[in-house]
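The values are calculated or read from the model by the stated rules, or taken from the named source; none is laboratory data. What you are looking at is a predicted structure, and each value in this text was computed from that prediction instead of being measured. Note: ideal-geometry Cβ built from the backbone for every residue, glycine included; neighbour counts use all protein chains shown. Keep in mind that these areas ignore ligands, DNA and RNA; they rest on the heavy atoms of the full protein, side chains included. Shrake-Rupley method; radii C 1.70, N 1.55, O 1.52, S 1.80 Å.
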Amino acid sequence: MTPTNLKSSPVVAILALILAACSSTGDRFYMLTADSKLPSSRTSSDLVLGVGPVRLPDYIDRAELVFQSGPNRFEVPPEHRWAGDLEQSFSSVLATNIGHRANTASVYSFPWEPSLRPRYTVPVRVHQFHALSGGDAILEVSWEVLDGVSKEAVYRGSQTFTEALCQEGYDGVVAAESRLVAQLADAINAMIR
């Protein structure tokens, strides 16, 4: 086999791909986290809540994190990914945070069991959820608190929350985004109280 034939060999191409994969730093995975606020010492509430569905805009409904680098420019680094579905993660963390604030363990994220009959359901529509270069993380969101039986809106809310990036890199972005979800939980809890 001549050197020219060796270069075009499928074995060489596969070896090159394997070596390239081994030399890369690899993907990094991130998750939103609930805050550490514990329920108050009051008697536990028997309130049953359903959180969701959460709807995300297309630009962030993806596996990768999204970062705004300019007024009209977004970066989507392929190696920085969510460790699961962002809609489900957002819903679960929001439900946990609301449960802490409402002093109940009976807060469920969508989809819940058909037999569950929440007193209130809280569908959420996210309009923006990303970090801004050299600035803050932002969450622009609207939500409703619906009566679980009549499905009528009891409350409606819409707000833009911001959080400073307290540490560098994507770890700082996800930490700030987690704090944004906690701010949303505060706002929703204030309505259902």
Pair list, Cβ < 9 Å and 6+ apart or interchain, from region 98-125 residues that are in a helix (DSSP H, G or I) to residues that are open to solvent by 90 Å² or more (accessible area, probe 1.4 Å) and hydrophobic (A, V, I, L, M, F, W, C): Gly99/Ala105; His100/Leu38
Tally of residues being in contact with a Gly (Cβ under 7 Å, 6 or more places away or on another chain), closer than 15 Å to Pro53 by Cα and open to solvent by 50 Å² or more (accessible area, probe 1.4 Å) across region 74-111: 2
Residues satisfying the stated conditions in region 163-193, i.e. assigned to a strand (DSSP E or B) and over 23 Å from Ser92 (Cβ atoms): Ala164
Candidate set from region 35-60 (those that are at pLDDT below 95 and of a type in the set (Asp, Glu)); member that is surrounded by the most Cβ atoms within 10 Å (Cβ to Cβ): Asp35
Neighbours by Cβ (under 6 Å, 6+ apart or cross-chain): first from region 64-78, closer than 10 Å to His130 by Cα; second among the acidic types (Asp, Glu) and surrounded by 12 or more Cβ atoms within 10 Å (Cβ to Cβ): Phe67/Glu75
Selected residue [at pLDDT below 95, of a type outside the set (Gly, Ala, Ser) and either over 17 Å from Leu49 (Cα atoms) or open to solvent by 50 Å² or more (accessible area, probe 1.4 Å) (or both)] from Val126, Val174, Val141, Val149: Val149
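Taking the conditions exactly as written (basic (Lys, Arg) and closer than 16 Å to Leu32 by Cβ), does Arg81 satisfy them or not? Reasoning before the result, please.
Numbers: basic (Lys, Arg): yes; closer than 16 Å to Leu32 by Cβ: yes.
In short, yes.
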Close pairs (9 angstrom Cβ cut-off, 6 or more residues apart or separate chains): without any contact (Cβ under 8 Å) to a residue 12 or more places away in the chain and more than 10 Å from Thr33 (Cα to Cα) in region 176-190, buried (at least 20 other Cβ atoms within 10 Å of the Cβ) and of a type outside the set (Phe, Trp, Tyr) anywhere: Ala190/Arg101
